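Notes follow once the structure below has been shown.
The values are calculated or read from the model by the stated rules, or taken from the named source; none is laboratory data. On a predicted model such as this, the values are computed, not experimentally measured, just so you know. Counting neighbours? That spans all protein chains shown, and the Cβs are built from the backbone with ideal geometry, glycine included. Accessible surface areas use protein heavy atoms only, side chains included; no ligands, DNA or RNA. Shrake-Rupley method; radii C 1.70, N 1.55, O 1.52, S 1.80 Å.
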Amino acid sequence: MRDDVGLTAYLVNESRARREDLAADPLAAEWISAEQRGAVRELWDEFAAEVYPHDDLVVSLRGRVVLETLGQALDKRGDTVLVVCGAGFSSYPWLLPFAAAMEIDLPHIVAAKQRRAAELRAAGVLDQRKVEHVAADLNDAEARRRLLDRIRRFADGRPIAYVAEGLVFYLPPDDARAVTGLGVSADPDSLTVVSYWPSAAADHPVLEAQRRWFRRRSVPEDATYLTTSDIAAVVGGPVDNHSPEDLQRRYLGEAVVPETELIPEHVAVAGI
């Protein structure tokens, strides 16, 4: 298993598989092959012991609000297309009836996703969906310009639901803002859903523990922190913000775990 930011994709799926009802993602576990499952569980248990034991809660809440927001976009316009940056092994194109979907990630993640999707289709787990997989280096401004052109051609005038999930905090500040704004750059009326770490949380103790874990695995530990004002400036409109405590109250009825004990990943929504 690679020691880079891509390894977090496996943690996301293990977390959602552990809270399938909360995440509303019955496919989460399927993306992890039988050969990988033991290693992924060991990685998750290590992360839980050294960083925090609630990743299943945070990641499942994040996925749930993304899924419900995307569903609202489809209710408004059934021809909406989905674009996901940092797609990892997410299931959104198969959980909702999008006209078409584009998933963007690092080359080795894209290759692994395509292989596993083919296996799951052959096994009858996934049905046929129009999903375009795109490998891109989102730190490269020229690569982003090419990607933007590709998104516009892909959308072909249809509404865009754009998701940047579990990604922008791993990018340098200018790149993080550019990736946050890819959806509105392609279509000013697009929906944007982005998860981010708020600037006020830069010294958060769980993030410090994660930095130590990253450092040991030779993963870059620098991070970008944003505010809702930063995101509103990028997307050119108001932003609805959802914190982990807000999401617990929304889906669990109460804040079971305080944000001081959680990775403070917020979800911002604009354009719905």
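Legend: translational diffusion of the range 28-102 by Stokes-Einstein, Rh = Kirkwood radius over C-alpha pairs, 10 °C, 1.306 mPa s; D = 111 µm²/s. In this structure, the amide hydrogen of MET102, modeled 1.01 Å from its nitrogen in the peptide plane, lies closer than 5 angstrom to those of LEU82, VAL83, VAL84, GLU132, counting only residues at least 5 positions away or on a different chain.
For the range 16-94, give the magnitude of the charge dipole about the Cα centre (Cβ charges: +1 Lys/Arg, -1 Asp/Glu; no others), in debye to the nearest 20.
Details: 9 positive and 14 negative charges, 63 e Å.
I would put it at about 300 debye.
With coordinates expressed along the principal axes, the C-alpha atoms belonging to the range 217-272 extend over 38, 34, 15 Å, beginning with the largest. The mean of 1/r over all pairs of different alpha-carbon atoms in the range 136-272, once inverted, gives a Kirkwood hydrodynamic radius of 16.0 Å. Taking every DSSP helix (H) stretch of at least 4 residues in the chain, weighting each as -39,500 (n - 2.57) and dividing the sum by the residue count yields a mean residue ellipticity at 222 nm of -14500 deg cm²/dmol. Entry comment: accessible area of the chain is 42 Å² per residue, from protein heavy atoms only and a probe of 1.4 Å. Taking 10 °C and 1.306 mPa s as conditions, the range 1-145 diffuses translationally at an estimated 100 µm²/s according to Stokes-Einstein applied to its Kirkwood radius (Cα pairs).
Can you give the Kirkwood hydrodynamic radius for the range 77-187, in Å, rounded to one decimal and based on Cα pairs? Mind showing how you got there, number by number?
Details: mean 1/r = 0.0699 Å⁻¹.
One decimal place: 14.3 Å for the Kirkwood radius.
The accessible surface of the chain, taken with every protein chain in place and a 1.4 Å probe, is 47 percent carbon and sulfur. Grab the other residues whose beta carbon is less than 11 angstrom from that of ASP246, score K and R as +1, D and E as -1, and report the net. Value of the local net charge: -1. I need the calculated FRET efficiency for the pair ALA49 and ALA200, taking r as the beta carbon distance and R₀ as 30 Å, to the nearest 0.05. Result of the calculation: an efficiency of 0.65.
What share of the DSSP beta bridges in the chain is antiparallel, in percent to the nearest 5?
Approximately 30 percent, going by the DSSP bridge assignments.
Listed values for the range 187-196 are Karplus-derived 3J(HN,Hα) couplings in whole Hz (6.51 cos²θ - 1.76 cosθ + 1.60, θ = phi - 60°), namely 7, x, 9, 6, 7, 10, 10, 9, 9, 7, and x replaces Gly and Pro.
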